[in-house]
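Worksheet for the structure shown next.
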Amino acid sequence: MKYQDNIKNVAALQPDYLGFIFYEKSARNFDSESIPDIHEAIKKTGVFVDASLEFVIDKINKHNLQAVQLHGNESPEYCDDLKNRHAKFVSVSHPLEIIKVFSVKDEFNFNRLKPYEAVCDFFLFDTKGKHPGGNGYTFDWNLLNHYPSTKPFFLSGGIGLEEIEDIKQFTNSKASKYCYALDVNSKFEIEPGLKNIEALKAFKKNLSEVLDYKKEHVMNYNVNEKGYYGEFGGAFIPEMLYPNVEELRQNYLKVMAEPDFKAEFDKLLKDYVGRPSPLYFAKRLSEKYNTKIYLKREDLNHTGAHKINNTIGQILMAKRLGKHRIIAETGAGQHGVATATVCALMGLECIVYMGEIDIARQAPNVARMKMLGAKVVPALSGSRTLKDATNEAIRDWINNPVDTHYIIGSAIGPHPYPDMVTRFQAVISEEIKWQLKEQTGNENPDYLVACIGGGSNAAGTYYHYLHEPEVGIIAVEAAGLGVDSGESAATSVLGKEGIIHGCKTLLMQTQDGQITEPYSISAGLDYPGVGPMHAHLAKTGRAEFMAITDEDAMNAGLELCKLEGIIPAIESSHALAIFEQRQFKPNDVVVVSLSGRGDKDLNNYIEYFKI
Ligand SMILES: *Cc1c(COP(=O)(O)O)cnc(C)c1O
């Protein structure tokens, strides 16, 4: 946009973004003193081509821009610098949206996007031509069928009234799944920088159905920049913890996007953990329930559960951040063992905080941690269980901010922990996709099922399917002795909004906000909250939540032993128990996350069934 009256007239059509080009060589260069007042919901976007950071920041300040579109050869470092400088000098409460442009011709190497994943908010695909943008013809949108990312993108390049039918078709295709916006320019111009209002009106009217549909249905279940899933999440931490959490927040995506990091993570998952874990078609179980049940065998991982995926990721993160001392909290000891394991692997000092009562109850895991070289420190305050161990760990971290990393064991805690843990566990759904495709010809199941303590195996199982509306998501909580018995851990039913361990989520609490002691026969599900992503999935209805009692879980666990020769962890048995309660169609493909093996639970099974 270039001319004052024309800007106002286009703004009246209520676009989501309006663009102003700051590039002297362009015929559309915006050289007015100011942009007229337009509705604040319209994001004023500066368009730049290889401009200096000073120039960009100056324009952002002067015109109060909320977004920038980068059309030149700006590097990932450039994008990152821009974001950081903006945060420092302009406004922390209004983060800048960075839209990085890529020009596409007959082909496009999508690997080019990778280094930008962590440092920009949107990609924009434009047609490669003589000028950086505004060339007036389209590229082959089918190329986007190979779009490997989940980052929302703008579609651009020669879009005009003649493209309406193509756009309608495109919105029904796979390639459009992450299409977030249409960017129109030259085809609607009377002359460079002067838009034809009537043509834009007609365009909008013709596409209104499609655009409304997208707005309503393209729901975002990923974390936003401030660490929220809808209304849940965030970072509610004491001031003294701020530098530690902030250091992690600023670095985690960047580190995870480094090719070296990714290569090391993948190699350890393969050679040390034993991934990919099999996706196993459980034939006899399927026959019994007259549906198609596949088990994702996280129980076969080294150390016997999914938890190791996360601790491997976090120990590599800690090393990249120059930390050589690791702390963790543990309840039943599973996360403590997974942490002690990776510390031994990397030769790092490991301190695990554990309630004194839990230490007495979980002797084998305490012994494992000690054999692996960890120091187990008893928490002696309060009820001397998990909550008190967490307090001790946080105290330690505050006192050792520089050399220590705190490994949290589930998709909980202050931002960025829930997102970081989810991304490390997302290897589960990444594998399910290709494994299912290999076995059934279709990468999407009809349902995904996982048990939820804090929600890390569930988050990993759902991650790559969150935005596939045809894939049903079932989350299974522990009802303990029954949802209304007072001895339960069914947070989505019993919980109310509250703050626990640094994030806002659903939480079991009394009238005056005291955390209620949860109960479940399975130690891993015995947690009074759920991760913020799951609170959001519950609130939006994206996931169906079910609560399973101790009794139903134990029976389902024993049934798996008899039908498939697999002894599941009691946590995982909760996910298996839904088949007694919920009907599936004979042709439904149901993938269940078998989060862990039952070796650790033998005593429980023995006592329960008097074996
Ligand atoms: C710890 C654990 C769980 C629960 O933790 P999430 O973070 O909810 O996955 C589930 N299953 C097993 C086997 C566990 O060890």
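The numbers here are math on the coordinates, done by the rules we state, and not lab data. Since the model is a prediction, treat every value here as computed from it, not as a measurement. Here the Cβ positions follow ideal geometry from the backbone for every residue, glycine too, while neighbour counts run over all protein chains shown.
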Positive end of the charge dipole of the chain (Lys, Arg +1 and Asp, Glu -1 on Cβ, about the Cα centre): tell me which of Phe579, Pro528, Phe261 has its Cα farthest that way. Phe261
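To the nearest 20 debye, what is the magnitude of the charge dipole of the range 177-269 about its Cα centre, counting +1 on the Cβ of each Lys and Arg and -1 on the Cβ of each Asp and Glu? Provide the component values of the computation, followed by the final result.
On the way: 13 positive and 16 negative charges, 90 e Å.
I would put it at about 440 debye.
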May I ask for the distance between the Cα centers of the range 417-477 and the range 159-199, given as a whole number of Å? 34 Å
Which peptide among 456-467, 287-298 comes first, and what is the full order, when sorted by highest mean count of other Cβ atoms within 10 Å? 456-467, 287-298
Which percent, to the nearest 5, of DSSP beta bridges fully inside the range 437-508 are antiparallel? 50 percent
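Just to be sure I understand: of the beta bridges DSSP finds with both ends in the chain, what percent are antiparallel, rounded to 5? The partial results should precede the final answer.
Numbers: 17 of 77 bridges.
About 20 percent, rounded to the nearest 5.
Which peptide among 310-321, 564-575, 105-116, 344-355 comes first, and what is the full order, when sorted by highest mean count of other Cβ atoms within 10 Å? If you can, show how the numbers build up before the last one.
On the way: 310-321: 22.5, 564-575: 25.8, 105-116: 13.2, 344-355: 19.9.
So the peptides 310-321, 564-575, 105-116, 344-355, ranked by packing, come out 564-575, 310-321, 344-355, 105-116.
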Dipole axis of the chain (+1 Lys, Arg; -1 Asp, Glu on Cβ), positive-most option in Thr540, Asn61, Leu143: Leu143
Treat every Asp and Glu Cβ in the chain as -1 and every Lys and Arg Cβ as +1, leave all other atoms uncharged, and give the resulting dipole magnitude about the Cα centre to the nearest 20 debye. 740 debye
Can you tell me, using C-alpha contacts under 8 Å and at least 6 residues apart, the relative contact order of the range 336-455 as a whole percent? 18 percent
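Looking at the range 4-104, which trypsin sites (Lys or Arg not before Pro) are in a loop (DSSP not H, G, I, E or B) and have at most 10 other Cβ atoms within 10 Å?
Values: sites: Lys8, Lys25, Arg28, Lys43, Lys44, Lys59, Lys62, Lys83, Arg85, Lys88, Lys100; in loops: Lys25, Arg28.
Of the trypsin sites (Lys or Arg not before Pro), the ones in loops of the range 4-104 whose Cβ has at most 10 other Cβ atoms within 10 Å are Lys25.
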Taking the chain as the reference, fit the longest principal axis to its C-alpha atoms, fit the long axis of helix 427-440 to the helix C-alpha atoms, and give the angle between the two in degrees, 0 to 90, nearest 10. 90 degrees
Free-standing Cys residues across the chain, given no other cysteine C-beta under 4.7 angstrom: Cys79, Cys120, Cys179, Cys451, Cys503, Cys561
For the range 539-586, what size does the Cα cloud have along each of its three principal axes, sorted from largest down, in whole Å? 37, 26, 15
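Between Rg and the Kirkwood Rh of the range 181-328, both from Cα atoms, what is the Rg to Rh ratio?
Ratio of gyration radius to Kirkwood radius for the range 181-328: 1.16.
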I'm a student and want to see the number: the projected area of the Cα convex hull of the range 59-170, averaged over all directions, in nm². 8.0 nm²
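With an 8 Å cut-off on Cα pairs and a minimum separation of 6 or more residues, tell me the relative contact order of the chain in percent.
Numbers: 1167 pairs, mean separation 65.7, N = 611.
About 11 percent, as a whole number.
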Could you tell me how many degrees, from 0 to 90 and to the nearest 10, lie between the Cα long axis of helix 334-346 and the main elongation axis, the longest principal axis, of the Cα atoms of the chain? 70 degrees
What does the charge dipole of the range 482-536 about its Cα centre add up to, to the nearest 20 debye, if the Cβ of each Lys and Arg holds +1 and the Cβ of each Asp and Glu holds -1? 220 debye
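Could you sort the peptides 411-419, 579-587 by per-residue average Cβ neighbour count (10 Å cutoff), highest mean leading? Working shown, then result.
Working: 411-419: 26.4, 579-587: 12.7.
Taking the mean over residues of other Cβ atoms within 10 Å, the ranking is 411-419, 579-587.
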Taking Cα atoms, the helix 242-257 axis meets the longest principal axis of the chain at an angle in degrees (rounded to 10) of 70 degrees
Cα radius of gyration and Dmax for the range 14-111 (Å): 13.8, 41
Report, as a whole number in µm² per second, the diffusion coefficient that Stokes-Einstein gives for the chain at 4 °C and 1.567 mPa s using the Kirkwood radius over alpha carbon pairs. 50 µm²/s
With a 10 Å Cβ neighbour count serving as the proxy for reagent exposure, in which order, fewest first, do Trp434, Trp397, Trp141 appear? Trp434, Trp397, Trp141
